[in-house]
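Data first, discussion second: the structure below is written as structure tokens.
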Amino acid sequence: MLELQVTNSPFNQEQVELLNRLLPTLTDAQRIWLSGYIAAAAVTGSAVLGTPPIAAAVNAPAASPASTAPAAPKEVTVLYGSQTGNCGSLAKKVTKRLQDQGFEVKVSSMSDFKPNGLKKVENLLILVSTHGEGDPPDNAISFYEFLHSKRAPQLEGMPFSVLALGDTSYEFFCQTGKDFDKRLEELGGKRLVPRVDCDVDFDEPAAEWINSVASALAELTGAGAAAQAVPVTADTLLESTESEYSRTNPFQAEVLENINLNGRGSDRETRHLEISLEGSNLEYEPGDSLGIYPENHPRLVDELIEAMGWSGEESVPVNKNGDETTLREALLHHYEITVLTKPLLEKTAALISNGALNELLASGHDELRAYIEERDLLDLVQDYSLKGIPVREFVAILRKIPARLYSIASSLKASPDEVHVTVRTVRYENRGRERYGVCSVQLAERSESGSALPVYIQHNPNFKLPQNPDTPIIMIGPGTGVAPFRAFLSEREETGAEGKSWLFYGDQHFATDFLYQIEWQRWLKDGVLSRMDVAFSRDSDQKVYVQHRMLEKSRELYQWLQEGAVVYVCGDEKRMAHDVHSTLMTILQQEGGLSPEEAAEYMIRMQQEKRYQRDVY
Amino acid sequence: MSENNLMSPNSAPHSDVEDIKRRSNYLRGSLVETLKDPITGSIPEDDNRLMKHHGSYMQDDRDLRNERQKQKLEPAYQFMLRVRASGGVVTPQQWLMMDRISQKYGNGTIRLTTRQSFQLHGVLKWNLKNTIREVNESLLSTLAACGDVNRNVMCNPNPYESEIHSEVYDWATKLSAHLDPRSRAYYEIWLDEEKVVDSHDHDVEQEPIYGPVYLPRKFKIGMAIPPSNDVDVFSQDLGLIAIVEDGRLAGFNVSVGGGMGMTHGDPATYPQVGQVIGFCTPEQVIDLAEKTVTIQRDYGDRSVRKHARFKYTIDDRGIDWFIQELTARLGWELEPARPFHFESNGDRYGWVKGSNGKWHLTLFIQNGRIKDEEGYELMTGLREIAKVHTGDFRLTPNQNLVIGSVSSQKKKKITELVQQYGLTDGIHYSALRRNSMACVALPTCGLAMAESERYLPTLLGKIEPMLEEAGLREEEIVIRMTGCPNGCARPALAEIAFIGKAPGKYNMYLGGGFAGERLNKLYKENIGEAEILDSLKPIIFHYAKERRDGEHFGDFTIRAGYVKEVRSGQFFHA
């Protein structure tokens, strides 16, 4: 039966959705009865369509949770989805807070949640980050798609709230959180507290959301006593159990080794850093990431201070606790100056009367976007002659400098008390000035061995070696995407895992860009790595990438999938991960005879079974 | 022939390389597979041994070795590809091909070698097949340019007596073709020829001269036309000295058992000069060469490679034994050697007119390296010449280049190009520099213990002021340097020689014969630049003051007692 849409029927969106949900469920007999009933009603001029019985019927039971007396402990379901694990950590916090208040809390990642249980959920909390161009993170995809499909149940009156994590420098800031928020409302949910959108510095707003959710739930259900529970603060938010060091209290780690992995003549520079964790009690597993708090480039800081006509010696606040430091120090270590965001521009415009800046803000979306994407704070200052803004006011509108996350390239078992990362240096020229990746250039130029870096461990439960050491693994990691696979193989070598392994690697040139070449060679020789295929895109006339090598080996690759291999993808999201995904789909169709739909389902199933894990950026 | 027969003269166990060759199925090994292995730019050592017979061997950029090790990268593996042409004669089209592939696949330079071959350096494994294919498409080859077979047959590129040169050159080509390996492995691996099935059954048809394990070691043949001994005929395993009588080629004096290589610290190894054992006619020369090769095949030492050259076979068994064995295999006897006279082993630079009316220009190429440098576009200049040239190019045994067979009409155009690009006949260089020669050594040669090609020009620049001061700028003195004792630049025959021992350290030798007829002798061991200069200076001034009329530097150092005369390699270390 044709699916009804607003465009192909006389109904509005709500009606269309209701009808689309109802009609496919009808038996032939029901359908015939209904058409007669409606036709008869129309002929008799009855007002039956004015108060839709269908909607009313759905509505009735949904009102019950709020009105039922608080006899048994109230249930709250917490679902999270994130690429890096931040939402997972926050979910644990909110869970603990609610449990303290006497709630029964069911917490799980969206990928582990069975969608058919949604109907039974009493209170729903969603914590979700946004990825890339407004996309849901990997472990949220299937739930996101389910919820946005016509299979999603009506959730009339269900209390919910959304905490969205994002980055204001991206165009689709917190888009996935916004989508969930909107969709839950569409499905009839009742907003417990308004959605909170967090920028990269999420600790404070997230803590506020947790507290208001807890209070609202307590008030709504009468369960527990909100007053007895210790409110969550930004400082307690992410405290680690194993180590005193965390994202909010990074460890000053000594750089032991800093090597450029690219041979002479390469267009690229990739740093291999070996960093000491000795004395930190920090622990990690292969697949986790290392957070590094960078410092801004001193030259850029000085240029900015000069452009603003300041001295750098001015005292400015660095947090809300009243701590102060010199402007130069603050700009070096505390504030972000390399990324522009729309809120920053708006706040700037509020500080100074500047016609041109107001014009830019009022301009079309694309124009503003284009401006923001290609420029940093110094550009803004120069382009709009911002000299004259009082220094403390100016500093107050800046974001805290966020940590950079790098996939860990080592195994603690193989390198005790050490963590290794693989970082490609980002340098390019724009508008007559050399631009630097904040952290990567610091690591390349100002992090010689002996220097210290503020670091923490960011656990990533979504990128983990299989529990079973015999499970075959397929690793796809071109460029620096190969880093976690060095960790995987180091770990498997140490633990003596027997499972087969297959690595796909690629970069520009064999001679200079084959990261960790002699280590793969040794692992191949020792059997720790069973197979390796490489694609060097600039060594021949045809640009070959990892996905081409996968296709060349499609039969064996499919065989591995059939044997239960786990597929890992790490690296560039926009092109590589996308191409690899469609290549896997192609292989499933080509070698397994699946239809495109079946292949897509196969991939979703793999994702749910944690047999398709991605760490892409 | 049976394998037992091969083994009979030497009962000691064979060296690894012998086993590799024997197992290789006529030089195939696992090359097809290992060339494809995408994880490494190298090939396994066994295949590298076989690869030499195909004209190439694996090297790495030693300048980068430590750096890359730290970077977790394998060494910068690359292949040296040697392209041979008998007598070093190529067409302008072939020159342009070499120029093109050196830019496309190599490091952008061409190296002319002391055996009149071309060397390309820096060819990556992935490019080997295309490179070799393009070489063959231009009718040159890399087959047997290295390895335990007969190497490129050298021939004096004599621009004077054109007819004699042409005739001797023809014999060089025929000799070369006759001694080529017959295995189809080369054509299968590089030129996609269909594989021969089960070739094990056809030993004799496969390699009628070499057999399945080829020679115990390389074998070298050179043909000299007196009075020039530019090919260093006494350094060859088999030297052939053209005897010209009444303006026609009467035949060749035969010299056997020369060779340069030795090992530091092993007095059982030594350079040797060949001994002239008789005379044969041109028509007999192929038979003579084949039988000589088979004697070395059957009697050469297959257990110790550094003792496997033909010179040791002869020295160990005696020259009389060899002549007897040769006569038995030939079924005829050599005639007594005929008189000949060598004047020098260097090149004569500049324009000369051959007896056929064609012009020849010998250019000075420092250490045989063809490349463009800031202010000296040698490679471009030669390319432009090749585009208009209708004669030939001849690589000299001293790593120089003859633009040969230039018609009177073309001479003007070529002279213009020579001037435009500042190409040189060496006239403004000291005579010492014009008579200098260095091997490749660092960074590509795996054997080098010290610099050579990159250092000799600098050292010459420091010796030249002494010569200037002593008034010897135009005195021809042969000076050679190698980075190791294997002898690619034939250092043991130079009047002054330096053989590398360690970075910046050389053994210094004096007393070689100016015409390449006598070995030199160790003068000082393991010395650096300062001591080299301090040692040389008094000898140079002594020579300037007390030399006799026409007395060469090497002869003088013996007469003045700096070193003893070496009459045979067996007394080289004495």
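Nothing in this text is a laboratory measurement; each read-out follows from the coordinates by a stated rule. Just so we're clear, the structure is a prediction, and the values are computed from it rather than from any experiment. With ideal geometry, Cβ positions are generated from the backbone for all residues, glycine too; neighbour counts draw on all protein chains shown.
Averaging sequence separations of C-alpha pairs under 8 Å and six or more residues apart, then dividing by the length of chain B, give the relative contact order as a whole percent.
13
Once the piece of chain linking A:N12 and A:E393 is laid out straight, how much longer is it, given 0.36 nm per residue of separation minus the C-alpha distance between them?
132.3 nm
Tell me, what is the percent relative contact order of segment A:75-236, built from C-alpha pairs under 8 Å that lie six or more residues apart?
23
With only alpha-carbon atoms in the gyration tensor, what are the semi-axes of the equivalent ellipsoid for segment B:35-156, in Å, largest first?
Working through the eigenvalues yields semi-axes of 26, 15, 13 Å.
Can you give me the convex hull volume of the Cα atoms of segment B:283-327, divided per residue and expressed in Å³?
65
Against the empirical 2.2 N^0.38 Å scaling, what ratio does the C-alpha Rg of segment B:81-136 come to?
Normalised Cα radius of gyration, segment B:81-136: 1.03.
Which Cys in the protein assembly as shown stand alone, with every other cysteine's Cβ at 4.7 Å or more from theirs?
A:C87, A:C174, A:C198, A:C439, A:C570, B:C146, B:C155, B:C280, B:C445, B:C484
Hey, could you pull the Cα Rg and Dmax for segment B:239-306, both in Å?
In order Rg, Dmax, the Cα atoms of segment B:239-306 give 15.3, 49 Å.
To the nearest 0.05, what FRET efficiency results for A:Q542 and A:E283 with a Förster distance of 45 Å applied to their C-beta separation?
Efficiency, rounded to the nearest 0.05: 0.50.
Report, largest value first, the span of the C-alpha coordinates of the protein assembly as shown along each principal axis, in whole Å.
133, 76, 61
If I model a spin label as a point 7 Å beyond the Cα along the Cα-Cβ vector, how far apart are those points for A:L361 and B:N66 in nm?
Placing both labels 7 Å along Cα→Cβ, they lie 6.0 nm apart.
What percent does the relative contact order of chain A come to when contacts are Cα pairs within less than 8 Å and at least six residues apart?
Relative CO of chain A lands at 12 percent.
Give me, ordered by chain and number, the residues 5 or more places off B:R369 or on other chains with an amide H under 5 Å from its own placed amide H.
Those lying under 5 Å, H to H, from B:R369 are B:L112.
State the dimensionless ratio Rg/Rh of segment B:431-571 (Rg: radius of gyration of Cα atoms; Rh: Kirkwood radius).
0.94
Roughly speaking, what % of Cα-Cα pairs in segment A:463-617 are separated by over 21 Å, rounded to a whole number?
Summing the P(r) of segment A:463-617 above 21 Å gives 42 percent of all pairs.
Please report, for the Cα atoms of segment A:70-191, the Rg to one decimal and the Dmax as a whole number; what are they, in angstrom?
When restricted to the Cα atoms of segment A:70-191, Rg and Dmax are 13.8, 47 Å.
For A:I476, which sequence-distant residues (separation of 5 or more, or a different chain) have an amide H within less than 5 Å of its own amide H, given hydrogens modelled in the peptide plane?
The list, which skips near neighbours in sequence, is A:F504, A:Y568, A:V569, A:C570.
Reachable lysines from B:K291, Cα under 25 Å, same-chain residues fewer than 8 places away excluded?
Partners found: B:K21, B:K52, B:K174, B:K218, B:K220, B:K306, B:K311.
What are the residues whose amide H is under 5 Å from the amide H of A:I408, where those residues sit 5 or more places off or on another chain and H is modelled from the backbone?
So A:I408 has HN proximity to A:G287, A:D288, A:S289, A:L290.
May I ask for the angle, rounded to the nearest 10°, between helix A:53-62 and the longest principal axis of chain A, with both axes built from Cα atoms and the value confined to 0 to 90°?
Result, in degrees: 60.
Using the basic label-point model (7 angstrom from Cα toward the beta carbon), what is the B:K413 to A:E448 distance in nanometres?
A separation of 5.9 nm, rounded to one decimal place.
Kindly state, to the nearest 0.05, the FRET efficiency for A:E609 paired with A:D579, given R0 = 22 Å and r defined as their beta-carbon distance.
The pair A:E609/A:D579 has a calculated efficiency of 0.45.
Please go through the residue pairs A:K106/A:K342; A:K119/A:K400; B:K371/B:K413 and name each one whose alpha carbons sit more than 32 Å apart in this structure.
From A:K106/A:K342; A:K119/A:K400; B:K371/B:K413, over 32 Å: A:K106/A:K342; A:K119/A:K400.
222 nm [θ] for chain A, helices only, -39500 (n - 2.57) per DSSP H run of 4+, per residue, to 500?
Helix-only estimate at 222 nm: -11000 deg cm²/dmol.
Between A:S243 and A:Q467, how high is the FRET efficiency from 1/(1 + (r/R0)^6) when r is the Cβ-Cβ distance and R₀ = 30 Å? Nearest 0.05.
Between A:S243 and A:Q467 the formula returns 0.80.
Could you name the lysines in cross-link range of A:K500, using Cα to Cα under 23 Å and dropping any fewer than eight places away on the same chain?
Straight-line reach from A:K500, under 23 Å: A:K413, A:K464, A:K525, A:K553, A:K610, B:K36.
Considering only DSSP beta bridges with both partners in the protein assembly as shown, what is the antiparallel share in %, to the nearest 5?
60
I'd like the Karplus ³J(HN,Hα) series for segment A:585-591: coefficients 6.51, -1.76, 1.60, θ = phi - 60°, whole numbers in Hz, and an x wherever there's a Gly or Pro.
Going residue by residue, I get 4, 4, 5, 4, 6, 5, 8 Hz, with x marking Gly and Pro.
For q = 0.05, 0.11 Å⁻¹, what log10 I(q)/I(0) does chain B give under the Debye formula with an equal point scatterer on each alpha carbon and no solvent?
These q points yield log10 I(q)/I(0) values of -0.19, -1.04.
Setting aside same-chain residues fewer than 8 positions from A:K74, which aspartates and glutamates have a Cα under 15 Å from its Cα?
A:D100, A:E104, A:E122, A:E219
To check you understand DSSP bridge types, tell me what percent of the beta bridges within chain A (both residues inside) are antiparallel, rounded to 5.
45
For segment B:83-110, list residues with backbone N below 12 Å from a point placed 7 Å from the Cα of B:K371 toward its Cβ?
Label zone hits: B:107-110.
Explain nothing, just compute: Karplus ³J(HN,Hα) = 6.51 cos²θ - 1.76 cosθ + 1.60, θ = phi - 60°, for every residue of segment A:334-341 in order, whole Hz, x for Gly and Pro.
For segment A:334-341, the Karplus-derived couplings read 10, 10, 7, 10, 9, 10, 9, 9 Hz, x marking Gly and Pro.
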